[in-house]
Amino acid sequence: MLQAFYKIQSKEQIGKATYSFVIDCPPLAHESRCGCFVHVQCGEKPLRRPISISEIDAENGTITLVFEVRGEGTQWLSERGVGDEINILGPLGNGFFPEPDKPAIFIGGGIGCPPMLGAAQTYGKNAEAILGFRSKEHMILLEKFQACCKCVDVTTNDGSFGTKGFVTDVLRDKLQSEPDAVVYACGPMPMLKGVAELCAKRQVKCYVSLEQRMGCGIGACLVCACKTHEKDGEHMRHVCKNGPVFDAREVDFHG
Ligand SMILES: Cc1cc2nc3c(=O)[nH]c(=O)nc-3n(C[C@H](O)[C@H](O)[C@H](O)COP(=O)(O)OP(=O)(O)OC[C@H]3O[C@@H](n4cnc5c(N)ncnc54)[C@H](O)[C@@H]3O)c2cc1C
Ligand code: FES
């Protein structure tokens, strides 16, 4: 785990209130794995803000962070520019352990799409993606997913782009044509619960990346606890340290 100031190499606004930063951070890029996250110091805020690593370019020593402005911390971050340095702690969390020779379906809901991108890139043409958004104007990263996946489906709640409905509506059919695929998902809890239930019914392996409020980000404060049911019984796990990626069969979506 590293902590240092790293320079913003490029900045792009990719949505209404969504930004993509490429960070020049060779040591961090070498240690990072898709599905991990970093903890970013946002101005004078005492608590850092967790942001997933979206893409990793180990050769050029960069990682890409994609974030939506939600409150004061992410607002502060969105006001940083190219050349500014931000204090980053990471990489944190377990991340994905890809098996790129197998088919995989990546499911992103809204701002849950960024961590799915780097993972999909490692699978290349074995990857399919289902991306869900509230409406067309909230859509992000479509071209990036299209560039690496063999097939990308989009759903919008209001039908303004792609299929009207939820990612689970598309997943239901897809699991029939790809029964051996591994499913990876990140997004709002109700979406993850729906994806996990569908996969359990079809006995398809599914990993979910959970988003939980965080304090320390390193397993020391218990703010991010989540309940799991594992082979040896019930546990309270830390999303920051034991996750954010969990086997969906073990997550207690009601706990
Ligand atoms: C593992 C992980 C990965 C994430 N990856 C991304 C990402 O790639 N892009 C992105 O846009 N957002 C991501 N988030 C959510 C992001 O951390 C919150 O939107 C951000 O912390 C909000 O901070 P704020 O100061 O702008 O908002 P405020 O609401 O002012 O934040 C107040 C406090 O609540 C915490 N908090 C608020 N919302 C969340 C949340 N949803 N999850 C965790 N803590 C929260 C903040 O850390 C802070 O301590 C991720 C969260 C987690 C846990
Ligand atoms: S955020 Fe402190 S233990 Fe997870």
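Considering only GLU178, GLU55, GLU72, the mean-square fluctuation computed in a Gaussian network model of the chain, springs between alpha carbons under 10 angstrom, is largest for GLU72.
Could you tell me which of the pairs LYS164/LYS193; LYS16/LYS201; LYS125/LYS231; LYS174/LYS231 are separated by over 26 angstrom between their Cα atoms in the structure shown? Provide the component values of the computation, followed by the final result.
On the way: LYS164/LYS193 19 Å; LYS16/LYS201 37 Å; LYS125/LYS231 34 Å; LYS174/LYS231 29 Å.
Among LYS164/LYS193; LYS16/LYS201; LYS125/LYS231; LYS174/LYS231, the Cα-Cα distance tops 26 Å for LYS16/LYS201; LYS125/LYS231; LYS174/LYS231.
Going by Cα centres, the range 45-85 and the range 192-255 are how many Å apart? For the range 45-85 versus the range 192-255, the Cα centre distance is 24 Å.
Seen against the Cα atoms of the chain and their longest principal axis, helix 167-177 is set at about 50 degrees.
Label positions at ARG134 and GLN146, each projected 7 Å from the Cα along the C-beta direction, are separated by 2.4 nm.
Assuming R0 = 45 Å, what is the FRET efficiency of GLU79 and GLU234, from their Cβ-Cβ distance, to the nearest 0.05? The partial results should precede the final answer.
Values: r = 43 Å, r/R0 = 0.96.
With a Förster radius of 45 Å, E is 0.55.
Extending 7 Å from Cα along the Cβ direction at MET189 and again at GLU12 yields two label points whose distance is 3.4 nm. Surface calculation, 1.4 Å probe, protein heavy atoms: MET1 sits at approximately 130 Å² accessible.
Among beta bridges identified by DSSP and lying wholly in the chain, the antiparallel ones come to about 65 percent. Counting DSSP beta bridges in the range 148-255, what percent are antiparallel, to the nearest 5? That works out to approximately 60 percent antiparallel. With the simple spin-label model, which puts each label point 7 Å out from Cα in the Cβ direction, the LYS227 to ASP57 separation comes to 4.5 nm.
Which whole number in µm²/s is D for the chain by Stokes-Einstein, with the Kirkwood Rh taken over Cα pairs at 10 °C and 1.306 mPa s? Estimated via Stokes-Einstein, D reaches 87 µm²/s. PRE reach from LYS201 (point 7 Å along Cα→Cβ): which of the range 144-176 fall under 13 Å by backbone N? So the set is 168-176. Rounded to 0.05, the FRET efficiency of the PHE97 and SER160 pair, given R0 = 41 Å and the Cβ-Cβ distance, is 0.70.
Overall, the anisotropy analysis places the range 96-209 in the oblate class: the square-rooted eigenvalues a ≥ b ≥ c of its C-alpha gyration tensor yield a/c not less than 1.5, with a/b not exceeding b/c.
Can you compute the FRET efficiency between HIS30 and GLU72 using 1/(1 + (r/R0)^6), with r the Cβ-Cβ distance and R0 = 35 Å? Round to the nearest 0.05.
Values: r = 32 Å, r/R0 = 0.91.
Once rounded, the FRET efficiency stands at 0.65.
The values are calculated or read from the model by the stated rules, or taken from the named source; none is laboratory data. Owing to the predicted nature of the structure, the values given are computational and were not obtained by experimental measurement. Reconstructed Cβ throughout: ideal geometry from the backbone, glycine too, with neighbour counts over all protein chains shown. Keep in mind that these areas ignore ligands, DNA and RNA; they rest on the heavy atoms of the full protein, side chains included. Shrake-Rupley method; radii C 1.70, N 1.55, O 1.52, S 1.80 Å.
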